[in-house]
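J.: The structure that follows is given in the form of structure tokens.
Laboratory data are not the source of any read-out in this text; all were calculated from the coordinates shown. No experiment lies behind these values; they were computed from the predicted model shown. Using ideal geometry, Cβ is built from the backbone for each residue, glycine included, and neighbour counts are taken over all protein chains shown.
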Amino acid sequence: MLRIGIDLGGTKIEIIALDEAGRTLARRRVATPQGDYAGTLAAIAGLVSSVETELGCRGTLGVGTPGAVSRVTGRIKNANSTCLNGQPLLDDLQTLLGREVRIANDANCLALSEASDGAGAGAEVVFGVIIGTGVGGGIVVRGQVLNGPNGIAGEWGHNPLPRPAGDDLPLPACYCGRFGCIETYLSGPGLAADHARMSGTTLTPEAIVAAAGSGDAGCEASLRRYTDRLARALAGVINLLDPDVIVLAGGLSKLDRLYTEVPQQWLPHVFSDSVCTRLVKAAHGDSSGVRGAAWLWPG
């Protein structure tokens, strides 16, 4: 059985093909057509056609998307790739590709991948976090994705940042229409915007991390604010869900200091005398989300 997964991200669309044992047979990516829904559909179809032609067979298809499919309209909602919102993505892909397609939130795909054979393997409750172009969360309990009646279980990035004060203020505006969402602080663009506001200098997240490593005081201060905010936000998850493992993925998950500093900083905010939850980096790295999309067809 050939399983094909698509990770529809804000900056790239990635495809992977897995065999029955979960081994990678093909993997490639293209840039996401910005603000172009028709172009996005065409890019996905092109990737699927290319991989199936290369491998000489047809596969099942799972797609990880930002946002979720509305239970009311069947259309995409809550996507930070806003050209997807209100679009019948599932129906359009099934028509275009001539087969059943399964769609899940990209953070759910991450959590499923890591709970299946990654950093959360064997854990009863896994909370998967994407900190990249946007911020998302997904929950897997005993190997099963938790969706919820509204299709938003784990949708953590649009909760307000806990206990905002000092440098957290004024609350930044979010594309969703609210202010002070976790995503506005902890996404890559959020880190860059915070640094620009506090220092007057515009840098990419990668440049901020590199400069902090070289001793730049302003960039180091930005990363300290970032780890403190991540700790507060994850403490809220622990208080509510009490997961065994929290797995980080996305561009900012590559920042090694998160895994030592954040567990120390979340301690005062967790309602317990000790915290056994582990904070770990996704074992499959950039492949976690796309692998989880492929595993939406469990075989």
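J.: Kindly list the residues of the stretch 233-254 that lie in the label zone of SER274, defined by a backbone N under 20 Å from the point 7 Å along the Cα-to-C-beta vector.
T.: The answer is 235, 238-246.
J.: What distance in nm separates the simple spin-label points at MET198 and ARG23, each placed 7 Å from Cα in the Cβ direction?
T.: 4.8 nm
J.: Sort SER116, SER253, SER274 so that the residue with the fewest other Cβ atoms within 10 Å of its own Cβ comes first and the one with the most comes last. Present the calculation step by step, with values, prior to reporting the outcome.
T.: Values: SER116 18, SER253 22, SER274 6.
By the 10 Å Cβ count, ascending: SER274, SER116, SER253.
J.: For CYS181, CYS57, which order do you get if you count the other beta carbons within 10 Å of each Cβ and list the fewest first?
T.: On the way: CYS181 24, CYS57 12.
The most exposed by this proxy come first: CYS57, CYS181.
J.: Please identify, among TYR185, TYR226, TYR175, the residue showing maximal mean-square fluctuation in a Gaussian network model of the chain using a 10 angstrom Cα cutoff.
T.: Looking only at TYR185, TYR226, TYR175, the biggest GNM fluctuation is shown by TYR175.
J.: For PHE179, PHE271, PHE127, which order do you get if you count the other beta carbons within 10 Å of each Cβ and list the fewest first? Walk me through the intermediate numbers first.
T.: On the way: PHE179 13, PHE271 10, PHE127 31.
Ordered by Cβ neighbours within 10 Å, fewest first: PHE271, PHE179, PHE127.
J.: Roughly speaking, what is the stretch gain from LYS12 to THR82, that is 0.36 nm per residue apart minus the C-alpha to C-alpha distance, in nm to one decimal? Walk me through the numbers on the way to the answer.
T.: Values: separation 70, 0.36 × 70 = 25.20 nm, distance 1.47 nm.
Fully extending the segment from LYS12 to THR82 adds 23.7 nm.
J.: If I model a spin label at THR95 and SER214 as a point 7 Å from the Cα along the Cα→Cβ vector, what separation in nanometres do I get?
T.: 5.2 nm
J.: Also: Distance between the C-alpha centers of the stretch 263-296 and the stretch 1-69? Whole Å please.
T.: 25 Å
J.: Let me ask something else about it. Could you run the Karplus curve 6.51 cos²θ - 1.76 cosθ + 1.60 with θ = phi - 60° over the stretch 9-15 and give me ³J(HN,Hα) per residue in whole Hz, x for Gly and Pro?
T.: Here the 3J(HN,Hα) series is x, x, 10, 8, 10, 10, 10 Hz.
J.: Please identify, among GLY128, GLY118, GLY62, the residue showing maximal mean-square fluctuation in a Gaussian network model of the chain using a 10 angstrom Cα cutoff.
T.: The residue with the greatest mean-square fluctuation here is GLY118.
J.: Then there is this: Could you give the dipole magnitude of the stretch 219-267 about its Cα centre, charging the beta-carbon of Lys and Arg +1 and that of Asp and Glu -1, in debye to the nearest 20?
T.: Details: 6 positive and 6 negative charges, 45 e Å.
Using Cβ point charges on Lys, Arg, Asp and Glu, the stretch 219-267 gives about 220 debye.
J.: Give a residue-ordered list of calculated ³J(HN,Hα) values for the stretch 52-57 (Karplus: 6.51 cos²θ - 1.76 cosθ + 1.60, θ = phi - 60°; whole Hz; x for Gly, Pro).
T.: My calculation for the stretch 52-57 gives 5, 5, 4, 8, x, 7 Hz in order.
J.: While we're here: Determine the calculated [θ] at 222 nm for the chain from helices alone, applying -39500 (n - 2.57) to every DSSP H run no shorter than 4 residues and normalising by the residue count; nearest 500 deg cm²/dmol. Intermediate values should be presented prior to the final figure.
T.: Working: 9 runs with 106 residues, N = 299.
Mean residue ellipticity, 222 nm, calculated: -11000 deg cm²/dmol.
J.: Going Cα to Cα from LYS254, which lysines come in below 16 Å? Please leave out same-chain ones fewer than 8 positions away.
T.: Here the lysines satisfying the reach criterion relative to LYS254 are LYS281.
J.: Between ASP256 and ASN150, what FRET efficiency follows from the Cβ-Cβ distance if R0 is 30 Å, with the result rounded to 0.05?
T.: Values: r = 36 Å, r/R0 = 1.18.
Computed FRET efficiency for ASP256 and ASN150 comes out at 0.25.
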